[in-house]
1. Is there a residue being at negative phi, β-branched (Val, Ile, Thr) and assigned to a helix (DSSP H, G or I) anywhere in the range 235-244?
2. Scan (1) in the same structural domain as ARG133 (by TED's automatic domain parsing); (2) modelled with pLDDT of 90 or more for the single condition ILE226 breaks and write down its number.
3. Return yes or no: is ALA87 part of a helix (DSSP H, G or I) and under 30 Å from GLU162 (Cα atoms)?
4. Return a yes/no flag: does the range 300-316 have any residue that is in contact with a helix residue (DSSP H, G or I) (Cβ under 6 Å, 6 or more places away or on another chain), at pLDDT below 90, surrounded by 12 or more Cβ atoms within 10 Å (Cβ to Cβ) and within 27 Å of ARG133 (Cβ to Cβ).
5. Let me spell it out: the conditions are (1) in a loop (DSSP other than H, G, I, E, B); (2) surrounded by 14 or more Cβ atoms within 10 Å (Cβ to Cβ); (3) not small (Gly, Ala, Ser), and ARG217 meets all of them except one. Which number is the exception?
6. Within the range 79-111, work out how many residues are touching a residue at least 60 places away in the same chain (Cβ under 8 Å) and touching a helix residue (DSSP H, G or I) at 6+ places or on another chain (Cβ under 7 Å).
7. Return yes or no: is ALA97 surrounded by fewer than 19 Cβ atoms within 10 Å (Cβ to Cβ) and more than 23 Å from SER161 (Cβ to Cβ)?
8. Considering each residue of the range 120-160, count those that are among the aliphatic types (A, V, I, L, M), in contact with a helix residue (DSSP H, G or I) (Cβ under 7 Å, 6 or more places away or on another chain) and more than 28 Å from ARG191 (Cα to Cα), and give that number.
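The values are calculated or read from the model by the stated rules, or taken from the named source; none is laboratory data. Note that the coordinates shown come from a computational prediction; the quantities given were computed from them, not determined experimentally. Every residue, glycine as well, gets a Cβ built from its backbone with ideal geometry; the counts of neighbours run over all protein chains shown.
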Amino acid sequence: MDRYEVNTSDHQVEAFLNHLSAERGLSPHTVAAYRGDLEQMIAVLRRLTRTAWPVQWDRLNRDALERYSLALQKRGYASSTLARRTAAARSFFRFLAEEGVIPRSPAESLQARRPQRTLPDVLSVAEVVALLRATDATPGPEGLRDRAMLEITYAAGLRVSEVVGPQGLDPASVNTETGWVRCIGKGSKERLVPLYPGVVECVRRYVTEARPLLRARVRDRLARGITALFLNSRGHPLTRQGFWLVLRRHAGQAGIRTRLTPHVLRHTFATHLLQGGASLRHVQEMLGHANITTTQIYTHLTDAQVRQVYEKAHPRA
């Protein structure tokens, strides 16, 4: 990842980020992404225009932003990265215009190459089973934790930020009586997703048998009020990085060669549901997608798999 030095926080950037968090309700991870994109923009613009600090936003014109866009393209970024950073610039300058900092936004006509939609990696049913069974080799409460965590991530199609971290699950998030999980998604939107009995049993065992043992390992008295569902070996809330390490370890044990990330489990959840006959609208609701066009990529994925099966199985294909 490229790193760009910014000597100090820009007042207008901080105001924009506060707007995203407080008024638009964007998650801390999304706001952090905006911050990184805007800090990069400032560094590149200062180099291109030889602008002193602080940036005088009302003196930047469309030509400067076009040069910024071209500089990004020359660095060979993926089209999706270019589109995101261009969108961040447009949103920021639109905010400055609305706040009266500049008379009008010079970024409205800023364009980036349309991102190429790539099909996400997914696991087969056999690979999912192998991954989950691999957790049985981990002794102690960590094994029960890993099984419950991976089971519920796949079973409900959760994002990693919906499982661990500030907006992650707590014990009350899972209703083991009715078989539902309540999670907080992007934009702090809440949704309910059903769970099959096997997952409910895994979570119940973890909460009653393993989690108390992990909590007992906390030495800091101030940390004894921890409410996160999934805890690390020291009894503290498991982080996103901790989730990644757990997933990678068990993927290696299961012999999975697919580049496995937490989001692959979410892709796999959606794909398996559609292959099993679920409607696109129901999958959209369970994934928490605001727009069904986001969910439609999974129909392309299942179509591609159907084509592969057809060409492999049909005698004249």
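1. Residues of the range 235-244 at negative phi: 236-244.
If we keep only those that are β-branched (Val, Ile, Thr) too, we end up with 239.
Applying the additional criterion that residues be assigned to a helix (DSSP H, G or I) yields none.
No, that holds for no residue.
2. (2)
3. yes
4. So the first thing to find is which residues in the range 300-316 are in contact with a helix residue (DSSP H, G or I) (Cβ under 6 Å, 6 or more places away or on another chain), and the list is 301-302.
When the remaining residues are screened for being at pLDDT below 90, the result is 301-302.
Retained after the next criterion (residues that are surrounded by 12 or more Cβ atoms within 10 Å (Cβ to Cβ)): 301-302.
Subsequent filtering for residues that are within 27 Å of ARG133 (Cβ to Cβ) retains 301-302.
Among the residues of the range 300-316, at least one is in contact with a helix residue (DSSP H, G or I) (Cβ under 6 Å, 6 or more places away or on another chain), at pLDDT below 90, surrounded by 12 or more Cβ atoms within 10 Å (Cβ to Cβ) and within 27 Å of ARG133 (Cβ to Cβ), which makes the answer yes.
5. (2)
6. Going through the range 79-111 one residue at a time, the tally reaches 4.
7. Working: surrounded by fewer than 19 Cβ atoms within 10 Å (Cβ to Cβ): yes; more than 23 Å from SER161 (Cβ to Cβ): yes.
The answer is yes for ALA97.
8. 3
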